[in-house]
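Participant: Below is the structure I would like to discuss, written out as structure tokens.
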Amino acid sequence: MTDPLALRVVPVDDRAWLIAALDDALAGGAPILPLASGIDPRDPEIEALKAQRLPEGTAVVVRTSGSSGIPKAVALSAEALKTSAAATREELGGAGQWLVTLPPNLISGLQMLVRSASTRIEPVFAPQGADARTLLDLADTMTHERRYISVVPVQLTRLLDLAEQDEDAADTLRQFDAVLVGGQAVSLEQRRRAHLLGVKLRRSYGMTETAGGCVYDGVEIGDTRVRIRDGEVQLAGSTLALGYVGDEALTNDRFVTDKDRNGEDVRWYRTGDSGELLGGMLTVTGRLDRVLISGGVNVSLDEIERVARELPGWGSTVALATTHPEWGERPSLVVETEPGAVPFDEVREAIRTRLGAAAAPEWATETETLPRLVGGKPDLQAIEAWIGTLRQSFARLRVPQATDLTAAEGVHE
């Protein structure tokens with residue numbers, strides 16, 4: 001650790017300042033902290049972060065909490081960011097213009113700016129929360145011969161919905177040389193719909209700690225390496241972060257160094273994701289910490305979501321663990337309302353058939369809109385808190401066998 005240049009806090013709403021400050025940081029200037037909309041730079045948490053010593057070589061600090069709500073500040077070097085951008089450019093077939101659809105305070109949005117900076121091709125910015133129609137209207141304003149867009153699965157679903165109803169929208173969506181989707185697993189149903197429309201879908205896996213996507217469609221890009229240890233996906237390569245600012249213990253826990261077969265040190269990032277390598281291709285199956293035990297049987301909530309999301313109308317499903325007096329824990333579902341959704345009983349039976357009786361959900365709750373993080377992932381903490389409030393309301397009202405009624409009807413509070 002060395003005394004760094006002062007961390008420069010840059011609000012993402014000021015795009016000109018952000019792009020200039022990022023260019024400077026990538027060239028060896030002052031490190032930056034892209035600050036999300038609505039956050040006061042004088043916030044005590046921001047001031048405390050500015051007072052921390054940064055790892056040597058830090059160019060950008062990205063704050064991330066993820067769906068677990070555990071706050072982290074990830075230090076990334078210019079080399080990691082630029083190497084990631086170069087690997088993506090090579091994988092996608094060349095330099096192109098990016099439609100920036102995600103907040104630049106997140107690695108997914110920031111990387112679109114880094115990729116643009118590395119090619120000097122000016123990006124097009126979408127307003128935060130832009131709907132599918134707005135995104136495709138902006139796509140029509142793009143001028144470069146190659147066009148790219150990066151979205152999360154919920155945005156992809158909205159784009160596919162529009163494209164299936166509007167041939168002009170479908171034509172615009174097909175003009176992208178790559179529609180990059182990351183942040184969560186892409187369901188088989190989404191992939192099928194994209195294929196039928198002729199959309200050039202690319203699935204990206206990575207995180208802030210790897211400077212963004214480093215595995216595309218199950219295969220490593222650049223110099224990324226993948227291994228599975230005790231069921232956990234671990235990643236190595238020159239895009240790895242320097243560590244967590246102000247948290248040496250977490251850095252040492254998540255970033256580990258092992259000898260390779262040649263006796264050379266290799267630094268690995270422990271992702272916390274479960275997965276497997278089949279024929280050299282990575283399949284991520286979920287989070288290691290999203291496992292419940294029902295009647296002595298381990299059940300993956302992510303696997304339950306994977307099965308449910310393949311069924312019509314259940315693409316937004318979130319699976320939660322629910323305490324149960326007999327089984328200890330049982331899974332339950334929360335889903336956004338969609339027309340034409342198959343009945344809950346069919347979903348329950350599909351999960352039972354694929355994953356076993358212990359994985360069959362007790363009930364499902366419908367809502368018009370799920371709480372989501374800025375990057376589009378379901379906000380698990382908010383969803384669990386909301387469901388907890390609903391349960392308390394039922395308990396106060398003393399509704400007889402409310403849970404059983406909901407499960408039996410597949411209807412939804």
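The values are calculated or read from the model by the stated rules, or taken from the named source; none is laboratory data. Bear in mind that the values here come from a model prediction, so they are computed numbers and not experimental data. Positions of Cβ are backbone-derived with ideal geometry, glycine not excepted, and every protein chain shown enters the neighbour counts. Calculation scope for accessible area: heavy atoms of the full protein, side chains included, ligands and nucleic acids excluded. Shrake-Rupley method; radii C 1.70, N 1.55, O 1.52, S 1.80 Å.
Participant: Which one of these does Ala308 not meet: (1) open to solvent by 20 Å² or more (accessible area, probe 1.4 Å); (2) of a type in the set (A, V, I, L, M); (3) in contact with a Phe, Trp or Tyr (Cβ under 7 Å, 6 or more places away or on another chain)?
Facilitator: (1)
Participant: Could you please find all residues in segment 240-282 being free of Cβ contacts under 8 Å to residues at least 40 places away in the same chain, open to solvent by 60 Å² or more (accessible area, probe 1.4 Å), farther than 22 Å from Glu79 by Cβ and not basic (Lys, Arg)?
Facilitator: Once the filter is applied, which keeps residues that are free of Cβ contacts under 8 Å to residues at least 40 places away in the same chain, open to solvent by 60 Å² or more (accessible area, probe 1.4 Å), farther than 22 Å from Glu79 by Cβ and not basic (Lys, Arg), segment 240-282 yields Ala249, Asp253, Asn262, Leu278, Gly279.
Participant: For segment 311-327, which residues satisfy the criterion of being open to solvent by less than 40 Å² (accessible area, probe 1.4 Å) and farther than 22 Å from Leu188 by Cα?
Facilitator: The answer is Thr322, and nothing else.
Participant: Still on this structure, I have one more. State the number of residues belonging to segment 194-234 that are within 19 Å of Val256 (Cβ to Cβ) and of a type outside the set (A, V, I, L, M).
Facilitator: Number satisfying all stated conditions: 15.
Participant: Please go through segment 127-144 and give me each residue that is surrounded by fewer than 20 Cβ atoms within 10 Å (Cβ to Cβ), in a loop (DSSP other than H, G, I, E, B) and not β-branched (Val, Ile, Thr), ordered by number.
Facilitator: Pro127, Gln128, Gly129, Ala130, Asp131, Asp140, His144, listed by residue number.
Conditions (1) surrounded by 13 or more Cβ atoms within 10 Å (Cβ to Cβ); (2) under 19 Å from Met207 (Cα atoms), marked per residue:
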| position | (1), (2) |
| --- | --- |
| Pro34 | yes, yes |
| Pro41 | no, no |
| Ile46 | yes, no |
| Val62 | yes, yes |
| Leu81 | yes, yes |
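Participant: Which ones in segment 283-305 are polar (S, T, N, Q) and surrounded by fewer than 16 Cβ atoms within 10 Å (Cβ to Cβ)?
Facilitator: Within segment 283-305, Thr283, Asn298 meet the criteria.
Participant: If Asn105 passes every condition in (1) buried (at least 19 other Cβ atoms within 10 Å of the Cβ); (2) at pLDDT below 95; (3) assigned to a helix (DSSP H, G or I) but one, which one does it miss?
Facilitator: Failed condition: (3).
Participant: All but one of (1) assigned to a helix (DSSP H, G or I); (2) open to solvent by less than 70 Å² (accessible area, probe 1.4 Å) hold for Val342; state the number of the condition that does not hold.
Facilitator: (1)
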